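Trainee: Have a look at this one before I ask anything.
Where a number appears in this text, it was derived from the coordinates with a stated rule and is not lab data. Computed from a prediction, not measured in an experiment: that's the story for all the values here. Here Cβ is always computed from backbone atoms with ideal geometry, including for glycine, and neighbour counts include all displayed protein chains.
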Amino acid sequence: MSSQDFSSLPKNLDPTRLPSHIAIIMDGNGRWATRRGLPRFAGHRKGANALKELLRCCKDWGIPTLTAYAFSTENWNRPRSEVQFLMNLFEQLLCHELAEMQREGVKITFIGDVSSLSASLRQEMQRTVQETACNSAVHLNVAINYGSRHELVTACRQLAQQVQQGTLDASDIDASRLEEQLYTAGMPDPDLLIRTSGEMRLSNYLLWQMAYTELYFTDVLFPDFDRSMLHDALVQYQNRDRRFGKIALTVPQTLVNAVSN
Ligand code: FPP
C-alpha cells in the first residue's frame, strides 16, 4: 500500500485506528428512485456514483479495502428487466471507468460465482482484474453473484474432495484450511460493515468473514451516502471497544478516578 497523506482526514478521527477493510451493503437504490418518481434503474445509477465517491474517500482517508455487495445470489429473483439492467450497468461501469480507476491507482477484484454471468461480463471482469492488479492506492472488491452459504458449501465440498483423494487428512481441517477455500482467501476480514436504508440484516453477506466485524446501520439510502456519513460511521467505529472475546485491557477512566479519589 502506498504511503498515505492523512491531511484530509477529519480531525476527530484517529488515523491509527481506522478500519483496514470496510464491507458495504449498498441498500436503498430502488426506494431512493421511487420516492422521486423515477424508475428504480435511476437509483442504481446514482448508487454507482455514490460507490465511486465512497471509494475515493477510502483512498483519501487511508482505508485500504472496500468490499461492495453489488449482486447477491438471491438478486436473480428480481424482475428480469432489473437483473438485465444491473448486469449491463456492471459491464458498462467496468468498461467506462477502467481508465479513471487506473489513474487513481484502484485495484479491483471480484468475489462470487462467476459461472452464471454472461461471457461478455466475465471477460470485462477478467480484464479489469488483470489491468488493475499492480495498483495499490486502494482496493475495491466487488461481490457479484455472491452468497455466503454458497461460498461455504463450495469450500466444504472442495475440502471433502481433497479428503476423498487422500491429499488431506480430515483431522487437519481447521479454520485456516477452510478460509483458504473462500473467495476472500488472503484478504483481511472486514473491520466494519455498513448497511444503508434502515435494514438490519446481513443478507447472506460474508457470514464467516464477519464473525468479529463491527456492524453499523444507517437509515440513509445508499445514493445519498456521502463523505459526511462515512465520517459518522467511522466516529462510531472508533468509539467501539473491540475485544474479540477477550476482556478489556485498559481500565476505564471513571474507575481510575473513583479509586484515586
Ligand atoms: C440494493 O438496492 C442495490 C443493488 C442490488 C445493486 C447495487 C449496485 C450498484 C450500486 C452498482 C455498483 C456497480 C459496480 C460495478 C460495483 P435495492 O435495489 O435493493 O434498493 P431497495 O431496497 O430500495 O429496493
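Trainee: What size of dipole, in debye to the nearest 20, comes out for segment 55-109 about its Cα centre when the only charges are +1 on Lys and Arg C-beta atoms and -1 on Asp and Glu C-beta atoms? Kindly include the intermediate steps, with their values, before the conclusion.
Mentor: Working: 6 positive and 7 negative charges, 13 e Å.
Result for segment 55-109 is approximately 60 debye, rounded to the nearest 20.
Trainee: Segment 6-133: Rg/Rh from Cα coordinates, Kirkwood Rh?
Mentor: Radius of gyration relative to Kirkwood radius: 0.99.
Trainee: Taking a cut-off of 17 Å between Cα atoms, list the lysines near Lys59, but don't count ones fewer than 8 places away on the same chain.
Mentor: Lys11, Lys107
Trainee: Looking at the square roots a ≥ b ≥ c of the eigenvalues of the Cα gyration tensor of the chain, which shape do they give, rounded for a/c under 1.5, prolate if a/b is larger than b/c, or oblate?
Mentor: Numbers: a/c = 1.62, a/b = 1.14, b/c = 1.42.
Since a/c reaches 1.5 but b/c is at least a/b, the shape of the chain is classed as oblate.
Trainee: With just the Cα atoms defining each centre, how far is segment 180-207 from segment 52-105? Give it in Å.
Mentor: Between the Cα centres of segment 180-207 and segment 52-105 lies a distance of 16 Å.
Trainee: Could you order the peptides 101-110, 125-134 from most to least packed, using the average number of other C-beta atoms within 10 Å per residue?
Mentor: 101-110, 125-134
Trainee: So, one more: Long-range amide H contacts for Thr109: which residues qualify at under 5 Å (H placed 1.01 Å from N, peptide plane, sequence gap of 5 or more or a different chain)?
Mentor: Placed amide hydrogens put Leu140, Asn141, Val142 under 5 Å from Thr109.
Trainee: Right, next: Which whole-number percent gives the relative contact order of the chain, counting Cα pairs below 8 Å spaced six or more residues apart?
Mentor: 26
Trainee: When a/c reaches 1.5 or more, the comparison of a/b and b/c decides; with that in mind, is segment 128-261 rounded, prolate or oblate per its Cα gyration tensor? Walk me through the intermediate numbers first.
Mentor: On the way: a/c = 2.29, a/b = 1.40, b/c = 1.64.
It comes out oblate by the Cα gyration axes.
Trainee: May I pose another question? Quick one: 3J(HN,Hα) in Hz for segment 133-148, Karplus 6.51/-1.76/1.60 with θ = phi - 60°, rounded, Gly and Pro as x.
Mentor: Computed from phi, the couplings for segment 133-148 are 4, 8, 6, 9, 6, 7, 10, 9, 10, 9, 8, 10, 6, 9, x, 5 Hz.
Trainee: What FRET efficiency would be calculated for the residue pair Leu152, Ala258, taking the C-beta separation as r and a Förster radius of 41 Å, to the nearest 0.05?
Mentor: Efficiency, from the Cβ-Cβ distance: 0.30.
Trainee: Run the numbers for Arg17 and Ser228: contour at 0.36 nm per residue of separation, minus the present Cα-Cα distance, in nm.
Mentor: Extending this stretch completely gives an extra 74.2 nm.
Trainee: Looking at the square roots a ≥ b ≥ c of the eigenvalues of the Cα gyration tensor of segment 200-245, which shape do they give, rounded for a/c under 1.5, prolate if a/b is larger than b/c, or oblate? The partial results should precede the final answer.
Mentor: Working: a/c = 2.88, a/b = 1.27, b/c = 2.26.
Oblate.
Trainee: Within segment 74-90, whose backbone N sits under 14 Å from a point 7 Å along Cα→Cβ of Asn204?
Mentor: Answer for segment 74-90: 74-78.
Trainee: Quote the relative contact order of segment 1-121 in percent (integer), defining contacts as alpha-carbon pairs under 8 Å separated by 6+ residues.
Mentor: Contact order relative to length: 27 percent.
Trainee: Could you derive backbone 3J(HN,Hα) for segment 187-193 from the dihedral phi with the Karplus parameters 6.51, -1.76 and 1.60 (θ = phi - 60°), listing whole Hz in sequence and x where the residue is Gly or Pro?
Mentor: In residue order, the calculated couplings are 9, x, 5, x, 8, 9, 9 Hz.
Trainee: Quick one: length gained pulling Ala211 to Asp172 fully straight, 0.36 nm per residue minus the C-alpha distance?
Mentor: Stretched fully, the Ala211-Asp172 segment lengthens by 11.9 nm.
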